[in-house]
1. Distance cut-off 29 Å, Cα to Cα: go down the list 43/148; 127/148; 127/200 and report the pairs above it.
2. What distance in nm separates the simple spin-label points at residue 239 and residue 26, each placed 7 Å from Cα in the Cβ direction?
3. Dividing the convex hull volume of the alpha carbon atoms of the range 90-170 by its residue count, what do you get in Å³ per residue?
4. What would the Debye equation give as log₁₀ I(q)/I(0) for the chain at q = 0.07, 0.09, 0.17 Å⁻¹, counting only Cα atoms as equal point scatterers?
5. For 83, 124, 130, what ranking results if the residue with the fewest other Cβ atoms within 10 Å of its Cβ goes first?
6. Of 184, 26, how do they rank once you tally other Cβ atoms within 10 Å and put the fewest first?
7. Between residue 128 and residue 54, what is the spin-label point distance in nm, taking each point 7 Å from the Cα along the Cα→C-beta axis?
8. Mean residue ellipticity at 222 nm from the helices of the chain, using -39,500 (n - 2.57) per DSSP H segment of n ≥ 4 over the full residue count, to the nearest 500 deg cm²/dmol?
Amino acid sequence: MSNLLEIKNATLKFGGVTAVNDLTFSVEEGEVYAIVGPNGAGKSTVFNLISRFYDPYAGSINFDGNNLLDRNADAVADLGIARTFQNIELFDHATVLQNLLVGRHRHRSTNLLQEALFTSKVRREEKRHREAVEEVIDFLDLQPYRDKMIAGLPYGVRKVVELGRALASGPRLLLLDEPASGLSVEETQDMRWWIDDIRKQMGITVLMVEHDMGLVSGVSDRVLALADGAKLAEGTPAQVQSDPAVIEAYLGAGAA
Ligand SMILES: Nc1ncnc2c1ncn2[C@@H]1O[C@H](COP(=O)(O)OP(=O)(O)OP(=O)(O)O)[C@@H](O)[C@H]1O
Ligand SMILES: [Mg+2]
């Protein structure tokens, strides 16, 4: 296997806080790689660096041979990196279907004039977007909610729609920021099967931040433990969970 994503010596500071501290890790094509760590460890900040919401202070980020630091957030999405957010970000006053169609945005190759004239190319593309979105709706069992407004949906369903919006873009790398947070035991179990299928059936590489160690152990090939923005340990879920430095970071955070 080869590295799809490589982060080398990345550092990001917010004022006096070093949120990411000389961090190096890579994600292999086809794996599920999890980042764990106490609150404030810098996990979401790593995602924001990859998504190009923030510029690192130092270091490099490469995706499939492309230097991401040369690109903006839109260009990163165009390369095939999609994400979900720790706090769900959807259009509340649009339907599930409409939100998923927004996820297809990066694939639009027609221009405004063509759309105004509604050429056959536009019709073909529209059909392709619809088909891709209907596949995601089937995959995630979202049929009952297809035409419902996001605002009225239970939290657990909105969480699935957000996963769907990221999937609809047809990514090569999916970044999931706490996919199971706030979910019930049954919903977490569903999330686990979906992440497994996303990797095995769709062949999408997954980089996931998650606190639920049951889910992390269940789906991840490798785990990175972060504390204060730096790497504490990396290895299989079992290796990382039994690492003395990791245990101390969690107990220390709990005792503080
Ligand atoms: N935009 C920002 N401005 C200032 N400080 C920030 C900003 N974003 C994050 N931080 C700080 O950077 C550190 C890392 O935050 P981050 O959100 O990455 O943590 P996390 O590991 O995702 O935590 P959690 O498990 O609570 O989501 C924290 O100290 C946080 O307060
Ligand atoms: Mg976070």
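Coordinate-derived values only; no laboratory data. Computed from a predicted structure; not experimentally measured. No Cβ is skipped: glycine too gets one built from the backbone with ideal geometry, and neighbour counts run over all protein chains shown.
1. Exceeds cut-off: 43/148.
2. Each label point is offset 7 Å from its Cα along the Cβ direction, giving 1.6 nm.
3. 87 Å³
4. Debye output, listed in q order: -0.25, -0.42, -1.36.
5. 124, 130, 83
6. So the residues, fewest neighbours to most, are 184, 26.
7. Modelled inter-label distance: 3.6 nm.
8. For the chain, the value works out to -12000 deg cm²/dmol.
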